[in-house]
Amino acid sequence: MRRPPEDALFLKGLKMTDRDLRRLNRRELLELLIALEQENEALKEQVRRQEEQLQSREIEISEFGSLAEAALALNQVFESADRAAAQYLENIKRRSEQQKSEYDRIIAEAEEKVQELLHGMELDSLKNQSEQDEAE
């Protein structure tokens with residue numbers, strides 16, 4: 001494959017050597033300069049768009065990393081919340097058992113007092129009946 005001469009100028013597929021450029025008149029050189037400037041501006045715009053795309057991809061990659069970190073952090077939050085909920089439920093269960101034990105103790109004491117009162121009333125009733133029997 002032949003290499004172009006080092007003094008060759010390429011413009012939108014046209015190849016011009018230094019010798020070809022010397023043959024151009026002033027108007028043609030200005031047109032060539034304008035065309036080169038337009039091509040240069042188009043290339044600058046293309047570079048700008050590609051840099052924006054690159055930046056966008058870098059942001060996406062960065063955001064993906066941030067999202068992964070956020071997911072891990074949320075996972076830790078949920079694990080902590082799960083442990084706290086389990087501990088809360090355990091405390092409620094323990095408190096409920098304590099209250100049931102206290103309730104059972106109070107009921108037993110009340111039943112005992114009722115039995116004592118009933119026994120005392122029976123004794124009083126028997127005593128009153130025996131006094132009435134003696135009085136008759």
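The values are calculated or read from the model by the stated rules, or taken from the named source; none is laboratory data. Fair warning: this is a prediction, and the values are worked out from it, not measured in the lab.
Checked against the criteria, K15 does not count as at negative phi, assigned to a helix (DSSP H, G or I) and not aliphatic (A, V, I, L, M). Residue count for segment 1-38 under the criterion of being of a type in the set (D, E, K, R) and at pLDDT 90 or above: the result is 2.
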